[in-house]
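Laboratory data are not the source of any read-out in this text; all were calculated from the coordinates shown. Values in this document were obtained by computation on a predicted structure and should not be read as measured data. Cβ: placed from backbone, ideal geometry, glycine included. Neighbour counts: every protein chain shown.
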Amino acid sequence: MSTDKPDLLSATKEIFDSMLGLNLQPLNGQSLPQEPDRVTASIGLSGGWNGAVVFECSRQTACMLAGAMLQIEFDECDSDVKDVIGEITNMVAGNVSRFLSGSPALSPPCIVEGSDYSMDVLGVRELAKESMACQDKSIIVKVLEAAS
């Protein structure tokens, strides 16, 4: 079980500051328009603690984040963009794992992109969720804990 509720803003902001050079702000209950075309990444955590970290943004935001990390411009959500979103999710999951008991192992990322889809992780409850903005674009990070 979890020892503390993860601080998702700090866990994600640290990655955006150090790896992307981008500013990340909490939305504090406000919302930005959700674009229908989006990218969702999930990293499973297992061991002393079981669950997942989920990272979601629009395709446009995914291209912007990949461009910031790789220092090139992306017009479409290709395999490089998906790799970057998977790596960002992996780094956030690593930061989140320090709030969890049992030093869980991280799985490879699962990436879904498109429009009009839902991604469900079965047998979990939402432990924490943070809606954030980067350059006026919405980013959502969740921690899901396996149900006992």
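Structural remarks
- Close amide-amide hydrogen proximity is noted between L24 and no other residue 5 or more places distant or on a separate chain, at a cut-off under 5 Å (H modeled in the peptide plane; Pro and chain starts excluded).
- From helices alone, the chain scores -8500 deg cm²/dmol at 222 nm; the rule is -39500 (n - 2.57) for each run of n ≥ 4 DSSP H residues, then divide by the residue total.
- Relative protection proxy for 8-15, 20-27, 49-56, from highest mean packing down: 49-56, 8-15, 20-27 (other beta-carbon atoms within 10 angstrom).
- Using θ = phi - 60° and Karplus 6.51 cos²θ - 1.76 cosθ + 1.60, couplings along the range 99-107 (whole Hz; Gly, Pro as x): 8, 10, 7, x, 6, x, 7, 9, 7
- Across all directions, the average projected area of the convex hull around the alpha carbons of the range 1-89 is 6.8 nm².
- The string of couplings for the range 19-30 from the Karplus curve (6.51, -1.76, 1.60, θ = phi - 60°) is 9, 10, x, 10, 8, 10, 10, x, 8, 6, x, 6 Hz, one whole number per residue in order, with x for Gly and Pro.
- Largest-first principal axis extents, alpha carbons of the range 21-70, Å: 35, 31, 24
- Quarter of the Cα convex hull surface for the range 26-148, i.e. its orientation-mean projected area (nm²): 7.7
- Backbone N within the range 37-63 under 20 Å of label point (7 Å from D80 Cα along the Cβ vector): 39-40, 58-63
- The orientation-averaged projection of the convex hull spanning the C-alpha atoms of the range 86-148 amounts to 5.4 square nanometres.
- Packing-based order for 81-89, 134-142, 118-126, using average beta carbon neighbours within 10 Å, highest first: 81-89, 134-142, 118-126
- Once the Cα-Cα distance is subtracted from the 0.36 nm per residue extended length, the Q135 to Q60 segment shows a gain of 25.9 nm.
- Spacing of the modelled spin labels on I72 and C110, each 7 Å from Cα toward Cβ, amounts to 3.0 nm.
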